[in-house]
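*Asks:* Below you will find the structure I want to go over with you.
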Number of protein chains: 2
Amino acid sequence: MTEPSGRRERKKAATRQKIADTALRLFLECGYDAVGIRDVASEADVAVTTVFSHFASKEALVFERDQDFEQRLTRAVTDRPPHEPIIPALHREVHALVRHCTAEGSAPVRRMIEGSPALREYEESMSLRHAHALAAALSADPHLSRSTTACRATARFTIDAYALACRADDPGATVDEVFQMIKAAWEATAA
Amino acid sequence: MTEPSGRRERKKAATRQKIADTALRLFLECGYDAVGIRDVASEADVAVTTVFSHFASKEALVFERDQDFEQRLTRAVTDRPPHEPIIPALHREVHALVRHCTAEGSAPVRRMIEGSPALREYEESMSLRHAHALAAALSADPHLSRSTTACRATARFTIDAYALACRADDPGATVDEVFQMIKAAWEATAA
DNA sequence: TGTGAAACCCTAACGGTTAGGGTTATCTTC
DNA sequence: GAAGATAACCCTAACCGTTAGGGTTTCACA
């Protein structure tokens, strides 16, 4: 993304990346539960406290790119062409996000997440954060004069669509079907 | 609910209740984070291991009546008068549940939950379980011939309505507004 | 070049949770 | 009613994620 200029920042980013990579590798090799933070730290050749200075929790090691997700969602609202209706914009973006998360290489990671209650729980709470951010973006859009409740509900519905699609047999079709519902729901709130 | 017959079962239920009551009292008195499992155990005069044989986690102590919630939701589907449309039935039940959770006496508990990330996270993951159960009930209903995806989405939307309303300024109005959206969404899936 | 801060390290602890293995109370069956 | 089976409970010790406290190195910048 943004190229860090100073050596210190570069080193910090490198440490962070090394920890994340090491963690993911160990998790996939041995299983999430079988790998401890102390294992990750020593394999990455850093102190345990350093791991926690880069990542808030063990689960966060798995969802390293979580910020991207949130940004892409909110930008689908804020950066869309002027006067483009909101629902198609969200529909398109969720499609892309789902494709990304159900891509070939992501399968082992998904399987790992589904296999760990702690990771599933963490993912949900991430989703709620994303729903909050999306709701704020919707509320802030001057072209959409809808109630706060309508914005919040639509945000949650959108996240639901993503979550359902990621676990569905046919992710693409699931996104389409749920968005047909979301479209109707949204239109029912027209002032 | 069901009266246990044997002495053993009665004693077990009493122990469970004593633990739950003690825990909630201590949590409300001193704050959730300030009270440890060891505190709860010794105040309830049981061993720590006994606490965990009745409750799966510290958070579960707070959501003791969680099973009720799930049952009420699924029964709103399965036990509704024959040929009653599903959405009004859900609407009514969510109204009742929200009223229950925003009642006078529940305020301190709600405040405690909102004040603890761990409790919020736990509540979310409970909600997902409820959504699963509700989705299964919807799918199983012979009068509703909708796709699995439509049932799952509607279940999640319903849980969203509950979650949003519990935190809204005007819970009742929020339920109504979101259910107007859900109604439209559901009707958009008609075969 | 010196100084402050950021990144990192180590150790020790805290708190939720569980394993292991034992004791008592209740239930069942004869 | 005695004997065995089992459920509920207890204790101790540990595991593991996480944090506090306090030190050292490395870098940025004046």
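The values are calculated or read from the model by the stated rules, or taken from the named source; none is laboratory data. This one's a predicted model, so the numbers in the text were calculated from it and none came from an experiment. Every residue, glycine among them, receives a Cβ derived from its backbone with ideal geometry; neighbour counts consider all protein chains shown. For accessibility, only protein heavy atoms count, side chains too; no ligands or nucleic acids. Shrake-Rupley method; radii C 1.70, N 1.55, O 1.52, S 1.80 Å.
*Asks:* Would you confirm whether or not region B:153-168 contains a residue that is more than 7 Å from chain A (Cβ to nearest Cβ), assigned to a helix (DSSP H, G or I) and more than 18 Å from residue B:123 (Cβ to Cβ)?
*Replies:* Scanning region B:153-168 turns up at least one residue that is more than 7 Å from chain A (Cβ to nearest Cβ), assigned to a helix (DSSP H, G or I) and more than 18 Å from residue B:123 (Cβ to Cβ).
*Asks:* Related question: If the requirement is being away from DNA strand C (no atom under 11 Å from the Cβ), open to solvent by less than 70 Å² (accessible area, probe 1.4 Å) and more than 17 Å from residue B:128 (Cβ to Cβ), which of these qualifies: B:43, B:64, B:70?
*Replies:* B:64
*Asks:* Which ones in region A:46-61 are open to solvent by less than 20 Å² (accessible area, probe 1.4 Å), within 19 Å of residue A:126 (Cα to Cα) and within 13 Å of DNA strand C (Cβ to nearest atom)?
*Replies:* A:55
*Asks:* When residues of region B:116-168 are filtered for being surrounded by fewer than 17 Cβ atoms within 10 Å (Cβ to Cβ), over 15 Å from the mean Cα position of the chain (by Cα) and over 18 Å from residue B:191 (Cβ atoms), how many remain?
*Replies:* Looking only at that region, the number is 3.
*Asks:* To continue, here is another question. Please work out which residue is farthest from DNA strand D (Cβ to nearest atom), limiting yourself to region B:57-75 and to residues that are more than 12 Å from residue B:16 (Cα to Cα) and more than 12 Å from the chain's Cα centre (by Cα).
*Replies:* Ranking the candidates gives B:75 first.
*Asks:* When the residues of region B:15-36 are narrowed to those that are open to solvent by less than 30 Å² (accessible area, probe 1.4 Å) and aliphatic (A, V, I, L, M), which ends up farthest from residue B:96 (Cα to Cα)?
*Replies:* Across region B:15-36, the extreme among qualifying residues is B:35.
*Asks:* Working only within region A:82-110, note down all residues that are open to solvent by 60 Å² or more (accessible area, probe 1.4 Å) and more than 14 Å from residue A:162 (Cβ to Cβ).
*Replies:* A:82, A:83, A:85, A:88, A:104, A:105
*Asks:* State all residues of region B:162-173 that are without any contact (Cβ under 8 Å) to a residue 60 or more places away in the chain and under 15 Å from residue B:90 (Cβ atoms); if no residue qualifies, say none.
*Replies:* Within region B:162-173, B:163, B:164 qualify.
*Asks:* While we're here: Can we say residue B:52 is under 23 Å from residue B:110 (Cβ atoms) and at pLDDT 95 or above?
*Replies:* no
*Asks:* Starting from residues that are outside any helix (DSSP H, G or I) and at pLDDT 95 or above, keep the ones in region B:72-84 and report whichever is farthest from residue B:177 (Cα to Cα).
*Replies:* B:79
*Asks:* Kindly establish whether residue A:113 is more than 21 Å from residue A:68 (Cβ to Cβ) and either more than 8 Å from chain B (Cβ to nearest Cβ) or open to solvent by 20 Å² or more (accessible area, probe 1.4 Å) (or both).
*Replies:* No; evaluated as a whole, the condition is false for this residue.
*Asks:* Continuing with the same structure: Which members of region B:136-152 meet the condition of being away from chain A (no Cβ under 14 Å) and among the hydroxyl-bearing types (Ser, Thr, Tyr)?
*Replies:* Within region B:136-152, B:145 is the sole residue that qualifies.
*Asks:* Here's a check for you: in region B:169-191, which residue that is assigned to a loop (DSSP other than H, G, I, E, B) and surrounded by fewer than 16 Cβ atoms within 10 Å (Cβ to Cβ) is farthest from the other protein chains (Cβ to nearest Cβ)?
*Replies:* Among residues in region B:169-191 that are assigned to a loop (DSSP other than H, G, I, E, B) and surrounded by fewer than 16 Cβ atoms within 10 Å (Cβ to Cβ), the one farthest from the other protein chains (Cβ to nearest Cβ) is B:191.
*Asks:* For region B:122-152, how many residues meet the condition of being touching a residue at least 40 places away in the same chain (Cβ under 8 Å), farther than 18 Å from residue B:79 by Cβ and assigned to a helix (DSSP H, G or I)?
*Replies:* Qualifying residue count for the region: 4.
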